[in-house]
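Nothing in this text is a laboratory measurement; each read-out follows from the coordinates by a stated rule. This one's a predicted model, so the numbers in the text were calculated from it and none came from an experiment. Note: ideal-geometry Cβ built from the backbone for every residue, glycine included; neighbour counts use all protein chains shown.
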Amino acid sequence: MSMTSVVAKSVRALLDLLPHDYAVKAARKIRNQLSRYESETTPFQTPRGPVLVAGVRRSLGMSTDLGQFEPELLRWADRFIKPGDVVWDIGANVGLYTLYMARIEGAKIWAFEPSAITYVQLVSNINANKAGAQVTALNAAITNRTRILDLPVLSSEPGFTSTTSADYAAPQESRIGLQSVAAYAGDDFAKIFDAAPHHIKLDVDGAEIDAIRGLTDTLAHIDTLLIEVIDEIAARFDAEILPGLTAAGLREVKIASPTSGRNRVFARATLADAAAAL
């Protein structure tokens, strides 16, 4: 049961104890307060100024320093993304890093988020930051081939991890439903929409191998790739991902501390040679 369900049931139980007319008035006040939370924003502090997060889900109960999560990702963006560059944020979630990259003047960000629930929050955050001119957000997946995909839905919470392949292994009873989503091989998307990237951030919580398989042509022309490598993907990385990156002319860039330990960075040989540890 999600925390939202727990809170909702607790509130309902409390209202059930009240006289009907009073309970109705109290419920209206509660709904009004909740709607105010959704319209409010919380600033996450970054080296490029605040990134605003709409609502309270991502900020309630935690530090609002964006560097607390994946500091190497901020350094990657600062080191390599230049004005005029096109960046694909594959697995944008609610857009914290999307919006940080959008603070690089002239950069164009394509943000891909397959979860419809999370996509709504992503769009809210883009609008809160007035970043619509730089960010194109799509409720779509980047995977190994172009098709319509049925995505297992594991939670109604925005930002909850959900992927196009890893969650198929989840027990049937843990799913709350399915969501159809447009899925593209990255190579197909780049050609169809004339949107070839200079840089790719790839964080799809277990579906990285499928995404890489659809990016063969694109990888040969990008400048850098930041890819999350944890759990099962870490065990399979050297055999199933690294050879393709090497064949595409990408070389690994060493990541110094502080680091989350979740990501690996690859760059075109000339950029990797020029870069000290990230």
Item to check | Local net charge near residue 258, Cβ-Cβ under 11 Å (Lys/Arg +1, Asp/Glu -1) | outcome: -1
Checklist outcome for this item: Residue separation between residue 269 and residue 148 times 0.36 nm, minus their alpha-carbon distance, gives in nm 40.0 nm
Checklist entry - Once you mark the trypsin sites (Lys or Arg not before Pro) that are in a DSSP loop and have at most 12 other Cβ atoms within 10 Å, what is the longest gap between them in the chain? => result 1-129
Item to check | DSSP-loop chymotrypsin sites (Phe, Trp or Tyr not before Pro) across the range 190-278, with at most 15 other Cβ within 10 angstrom | outcome: 193
Checklist entry - Under a Cβ-Cβ cut-off of 14 Å, what is the net charge of the residues other than residue 221 that fall near it, where Lys and Arg count +1 and Asp and Glu count -1? => result -3
Checklist entry - With the contact rule set at Cα under 8 Å and sequence spacing of 6 or more, what percent relative contact order holds for the chain? => result 15
Checklist entry - If contacts are Cα pairs under 8 angstrom and at least 6 residues apart, what is the relative contact order of the range 232-278 in percent? => result 37
Item to check | With at most 16 other Cβ atoms within 10 Å, longest stretch of the chain clear of loop GluC sites (Glu not before Pro) (DSSP) | outcome: 106-278
Checklist entry - What are the residues whose amide H is under 5 Å from the amide H of residue 86, where those residues sit 5 or more places off or on another chain and H is modelled from the backbone? => result 108, 198, 199
Checklist entry - How many lysine pairs are close in the chain, with Cα atoms under 19 Å apart and the two 8 or more places apart or on different chains? => result 9
Item to check | Separation between Cα centres of the range 99-125 and the range 177-196, rounded to whole Å | outcome: 16
Next on the checklist: If you fit an axis through the alpha-carbon atoms of helix 3-16 and take the longest principal axis of the Cα set of the chain, what angle between them do you get, 0 to 90°, nearest 10?
Outcome noted: 10
Checklist outcome for this item: Longest principal axis of the chain (C-alpha) makes with the long axis of helix 231-240 (C-alpha) an angle, in degrees to the nearest 10, of 20
Checklist entry - From the backbone phi of the range 109-126, what are the Karplus-calculated ³J(HN,Hα) couplings (6.51 cos²θ - 1.76 cosθ + 1.60, θ = phi - 60°) in whole Hz, Gly and Pro given as x? => result 10, 9, 10, 10, 9, x, 6, 4, 5, 5, 4, 4, 5, 4, 5, 4, 5, 4
Item to check | Cα convex hull of the chain - mean projected area over all directions, nm² | outcome: 15.9
Checklist entry - Average projected area of the Cα convex hull of the range 167-278, in nm²? => result 8.5
Checklist entry - Over what distance in Å are the Cα centres of the range 240-278 and the range 61-80 separated? => result 18
Next on the checklist: I need the phi-derived Karplus couplings for the range 71-78: 6.51 cos²θ - 1.76 cosθ + 1.60, θ = phi - 60°, integer Hz, Gly and Pro marked x.
Outcome noted: x, 5, 5, 5, 5, 4, 4, 5
Checklist outcome for this item: Net charge (Lys, Arg +1; Asp, Glu -1) of residues whose beta-carbon lies under 9 Å from that of residue 97, residue 97 excluded, is -2
